[in-house]
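**Student:** Pasting a structure here, questions to come.
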Amino acid sequence: MATRVGYHSWISDNRRWDALELREGDIVISAPSKCGVTLTQRLVSLLVFDGPQLPGPLAEVSPWLDRTVRPVNEVVAALNAQGHRRFIKTHTPLDGLVLDDRVTYIGVGRDPRDAAMSELFQWDNMNHANLNRRGSAAGYGQGDPTPIQAFRAWMEGPIMPPESPVAPPPSAIAPPPGPGFPPPHGGPGPMPPMAKHMGSLSNILHHFNTVWSRRQLPNVSMFHYTDYRADLVGELIRLAGVLGCSLGRDRAEELAQHATLNSMRARAAELAPESTEGIWRSNERFFRAGGSGEWQEFFDERVYRRYYDRINQLAAPDLLAWAHEGRRGCEPAGPVG
């Protein structure tokens, strides 16, 4: 049995999962931030409830269990009281979870560059004063670098290691340094600028790899934001198959209308993460664009080359193809770029 890794930060602690007794049929949705977790939660909710109505805000119906703001006993009690099929959000990689054969694990991917851009826009929508008053993130939003500086720090930064690992970190955490990238100095070193909020490219690819390397398991499935954008109805039908739900094409087309960007923005007070806690300046702006390619504003030829050097240090070609293009990228061979 593989040793479970501990992931503990100022906002998240995967040890909280130990307080929850998993049930037959539970669904766990795992992805890095801004990779399509909320959209996946919405799609799952449409199948679980066979329609758009929810018994409460999505963040309460499908909580982020690892999030440390709310006492774990309260979150677990609310989940235990649910009579419907439970679906739970996490930003913990699969190597930090206990895999249970009774549970379906859904990993969600997105082009890492698009995820990084979405993070940049998300910071701008955060109510930093409210977060700092609550002590949720001391100094959050103070002295931030420019977006270009943040993007480069995100590219070059090491994976943010668990504070209390219970297993040696994967070898991909410390790849050989490439041209232009600082070598490690006796360990991960200080957190690069903005990384405490943005994570790093290494974080994202490590998270993806924990799903990719387990994709042959019968209870692990992979979805991708690019595939959602290309064929939301088809991906909803595929998701229904993964979850053992009967869903015809006509009904899928009806349900998918409630998971479009415009539809979710119109119900932002109900669907945005932690929508009742005042962490956003605007719940609607959480569903800002959902697009792709905005990262090109920051990619001159030099940065472009560095990005591809970096990703090919961090992950195998087949994983990189999926990470950047979804299922379409699984066909070609060779490194991305």
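The values are calculated or read from the model by the stated rules, or taken from the named source; none is laboratory data. This is a predicted model, so every value here is computed, not measured. Ideal geometry is used to build each Cβ from the backbone, glycine not excepted, and the neighbour counts take in all protein chains shown.
**Student:** Gly186 versus (1) at pLDDT below 95; (2) surrounded by 14 or more Cβ atoms within 10 Å (Cβ to Cβ); (3) not basic (Lys, Arg): which is the lone unmet condition?
**Tutor:** (2) is the only condition that Gly186 fails.
**Student:** Please determine whether any residue of the range 72-80 is at pLDDT below 95 and farther than 30 Å from Tyr307 by Cβ. Even if it seems obvious, please write down each step before you answer.
**Tutor:** Pass one, the range 72-80, residues at pLDDT below 95: none.
Taking every residue of the range 72-80 in turn, none turns out to be at pLDDT below 95 and farther than 30 Å from Tyr307 by Cβ.
**Student:** When the residues of the range 92-147 are filtered to those that are part of a loop (DSSP other than H, G, I, E, B) and of a type in the set (A, V, I, L, M), which remaining residue is modelled with the highest pLDDT? Lay out the reasoning, then the answer.
**Tutor:** Of the range 92-147, the ones part of a loop (DSSP other than H, G, I, E, B) are 92-93, 97-103, 110-111, 127, 134-146.
Those left that are additionally of a type in the set (A, V, I, L, M): 97-99, 103, 137-138.
Numbers: Leu97: 96, Val98: 88, Leu99: 93, Val103: 99, Ala137: 48, Ala138: 44.
Restricting to residues being part of a loop (DSSP other than H, G, I, E, B) and of a type in the set (A, V, I, L, M), the top hit is Val103.
Conditions (1) in a helix (DSSP H, G or I); (2) in contact with a Pro (Cβ under 6 Å, 6 or more places away or on another chain); (3) modelled with pLDDT of 95 or more, marked per residue:
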| residue | (1), (2), (3) |
| --- | --- |
| Trp17 | yes, no, yes |
| Arg23 | no, no, yes |
| Ile29 | no, no, yes |
| Cys35 | no, no, no |
| Arg42 | yes, no, yes |
| Leu47 | yes, no, yes |
| Asp50 | no, no, yes |
| Gln53 | no, no, yes |
| Arg70 | no, no, no |
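**Student:** Which one of these is touching a residue at least 40 places away in the same chain (Cβ under 8 Å) and under 20 Å from Phe223 (Cα atoms): Ser62, Ser45?
**Tutor:** Every option except Ser45 fails the conditions.
**Student:** Next question, about the same structure. Could you please let me know if Leu217 is at pLDDT 85 or above, among the hydrophobic types (A, V, I, L, M, F, W, C) and not in a helix (DSSP H, G or I)?
**Tutor:** Values: at pLDDT 85 or above: yes; among the hydrophobic types (A, V, I, L, M, F, W, C): yes; not in a helix (DSSP H, G or I): yes.
It is true that Leu217 is at pLDDT 85 or above, among the hydrophobic types (A, V, I, L, M, F, W, C) and not in a helix (DSSP H, G or I).
**Student:** Among the residues of the range 267-277, are any within 17 Å of the chain's Cα centre (by Cα), at pLDDT below 95, under 23 Å from Val103 (Cβ atoms) and not aliphatic (A, V, I, L, M)?
**Tutor:** For the range 267-277, residues within 17 Å of the chain's Cα centre (by Cα), at pLDDT below 95, under 23 Å from Val103 (Cβ atoms) and not aliphatic (A, V, I, L, M): present.
**Student:** Separate question: Taking the range 278-304 on its own, how many of its residues are modelled with pLDDT under 60, among the aromatic types (Phe, Trp, Tyr) and assigned to a loop (DSSP other than H, G, I, E, B)?
**Tutor:** Result for the range 278-304: 1.
**Student:** Among the listed residues Asn203, Asn209, which satisfies the condition of being at pLDDT 95 or above, in contact with a Pro (Cβ under 8 Å, 6 or more places away or on another chain), closer than 30 Å to Asp300 by Cα and surrounded by 14 or more Cβ atoms within 10 Å (Cβ to Cβ)?
**Tutor:** The match here is Asn209.
**Student:** Take the range 246-271 and flag every residue that is more than 19 Å from Thr38 (Cβ to Cβ) and in a helix (DSSP H, G or I).
**Tutor:** Once the filter is applied, which keeps residues that are more than 19 Å from Thr38 (Cβ to Cβ) and in a helix (DSSP H, G or I), the range 246-271 yields Arg249, Asp250, Arg251, Ala252, Glu253, Glu254.
**Student:** Just give me the residues in the range 57-91 being under 19 Å from Leu243 (Cβ atoms) and loosely packed, with under 13 Cβ neighbours inside 10 Å, in sequence order.
**Tutor:** Of everything in the range 57-91, those that are under 19 Å from Leu243 (Cβ atoms) and loosely packed, with under 13 Cβ neighbours inside 10 Å turn out to be Gly83, His84.
**Student:** Right, another one. Evaluate the range 305-325: report whether one residue or more is among the small types (Gly, Ala, Ser), at pLDDT below 95 and surrounded by 15 or more Cβ atoms within 10 Å (Cβ to Cβ).
**Tutor:** Checking the range 305-325: not a single residue is among the small types (Gly, Ala, Ser), at pLDDT below 95 and surrounded by 15 or more Cβ atoms within 10 Å (Cβ to Cβ).
**Student:** Filter the range 1-42 for residues that are touching a His at 6+ places or on another chain (Cβ under 9 Å), of a type outside the set (Lys, Arg) and within 17 Å of Tyr228 (Cα to Cα) and give the result.
**Tutor:** Scanning the range 1-42 gives Ser30, Ala31, Pro32, Ser33, Cys35, Gly36, Val37.
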